[in-house]
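Encoded as C-alpha cells, the structure appears first; notes follow it.
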Amino acid sequence: MKSLILGTAALALSAGMGLAETVRLGTEGAYAPWNFVNDAGEIDGFERELGDELCKRAELTCEWVKNDWDSIIPNLVSGNYDTIIAGMSITDERDEVIDFTQPYTPPDPSAYVAQSADVDLASGVIAAQATTIQAAFIAEQGWTLVEFATPEETVAAVRNGEADAVLADKSFLDTVVGDDLVMLEKSEALGGGVGMGFRESDAELRGKFDSAIQSMKDDGSLNELIAKWEVSSQW
C-alpha cells in the first residue's frame, strides 16, 4: 500500500514504550474503507475493527490517535503513539527505521480512476498521494506526476481536470467511482502486504500484536474481516 519517504524519521528514539498501561494506536483516519472518521467523529473502518480485536486478544488497553499521513512515522518514533495501523505497506525503506508485524492483509492492487476509460497514462498527468508507493511508481515510469497531501485531493484533481487519472489502492478507489469517474482495466501490483509499525525498541509489544494477528489468521476471523470491509484479497 502506501510507502513513506522517511526523512527525519531516521531519528528514532532509543526508549521503548516502557511500562505504559495504555497502548496508543496511530492511524490516518482518511482512507476508507481501511480507516476513516465516521459521522460520530470516531475512527472507523477495517483497521478500527481489526485493531480493537487485536488489543482484546493481546489483553491490552488501547486508544486511537489520528495523525496526518506525511508525519505518521516521525510521530511514532517521537513517542506520540505506540504503533501505526494505517494501511501501511511493509517496505525495505521503512524497515530501516521501524519494525513491522507480519502482514495482516496481502498487497491491495493499485488501480487507476479517470473521467474516461481511454485516457493515455503515459502522456497524461497522474495524481497520487504524496510519499506513497503509487507516487513512486508513477515517477519510475517517467510519467507526469502531481502529488497531493490527502487521497481526497487526488480524486478532486481528476474531477476538476487538474489530472487525467489517479493511482491509488483499489479498495479506496472503489468508494469514489460513479457517474463521473470510471476505473480503468489496468492495475498494478505494488507493495509487500500491510502490517503494523513499531519503534525498533518495542520488540515485546510488537510480538504481542504479531501473535494476535496470527491467531486471527488461524481461526479464520481475519479473512472474515477482510471480506466484510473488502480491503484486499484473503489469506
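Assorted remarks:
- Members of region 145-173 found to be among the aromatic types (F, W, Y) and within 18 Å of P107 (Cα to Cα), listed by number: F172
- Some residue of region 127-144 being more than 21 Å from D108 (Cβ to Cβ) and aliphatic (A, V, I, L, M): no
- Residues within region 138-150 that are in contact (Cβ under 8 Å) with a residue 40 or more places away in the chain and either among the polar types (S, T, N, Q) or part of a helix (DSSP H, G or I) (or both), tallied: 1
- Test: A20 is surrounded by fewer than 16 Cβ atoms within 10 Å (Cβ to Cβ), in a loop (DSSP other than H, G, I, E, B) and either modelled with pLDDT of 95 or more or not acidic (D, E) (or both): yes
- Test for D180: is it over 16 Å from D52 (Cα atoms) and part of a loop (DSSP other than H, G, I, E, B): yes
- Considering T154, T175, T150, the condition of being open to solvent by 70 Å² or more (accessible area, probe 1.4 Å), under 22 Å from V37 (Cβ atoms) and polar (S, T, N, Q) is satisfied by T175 alone.
- Selection count, region 188-230, where residues are among the hydroxyl-bearing types (S, T, Y) and within 17 Å of the chain's Cα centre (by Cα): 0
- Qualifying residue in region 2-17 (condition: under 26 Å from N223 (Cα atoms), modelled with pLDDT under 95 and among the basic types (K, R)): yes
- Per-region count, region 196-221, residues under 27 Å from S171 (Cβ atoms), open to solvent by less than 50 Å² (accessible area, probe 1.4 Å) and touching a strand residue (DSSP E or B) at 6+ places or on another chain (Cβ under 8 Å): 4
- Across region 178-188, the number of residues qualifying as in contact with a strand residue (DSSP E or B) (Cβ under 9 Å, 6 or more places away or on another chain), open to solvent by less than 70 Å² (accessible area, probe 1.4 Å) and over 18 Å from P106 (Cα atoms) comes to 4.
- Selection from region 161-171 of residues that are open to solvent by less than 20 Å² (accessible area, probe 1.4 Å) and either modelled with pLDDT of 95 or more or charged (D, E, K, R) (or both): A163, A165, V166, L167, A168, D169
- Filter result for E153 (out of contact with any helix residue (DSSP H, G or I) (no Cβ under 9 Å at 6 or more places or on another chain) and either assigned to a helix (DSSP H, G or I) or hydroxyl-bearing (S, T, Y) (or both)): yes
- Residue within region 173-187 that is closer than 28 Å to T101 by Cα, at pLDDT 95 or above and in contact with a Phe, Trp or Tyr (Cβ under 6 Å, 6 or more places away or on another chain) present: no
The values are calculated or read from the model by the stated rules, or taken from the named source; none is laboratory data. Note that the structure is predicted; figures quoted are calculated from it, not measured. Please note: Cβ atoms are built from the backbone with ideal geometry, for glycine as well, and neighbour counts cover all protein chains shown. Each accessible area value is taken on the protein alone, full model and side chains, heavy atoms only, with ligands, DNA and RNA left out. Shrake-Rupley method; radii C 1.70, N 1.55, O 1.52, S 1.80 Å.
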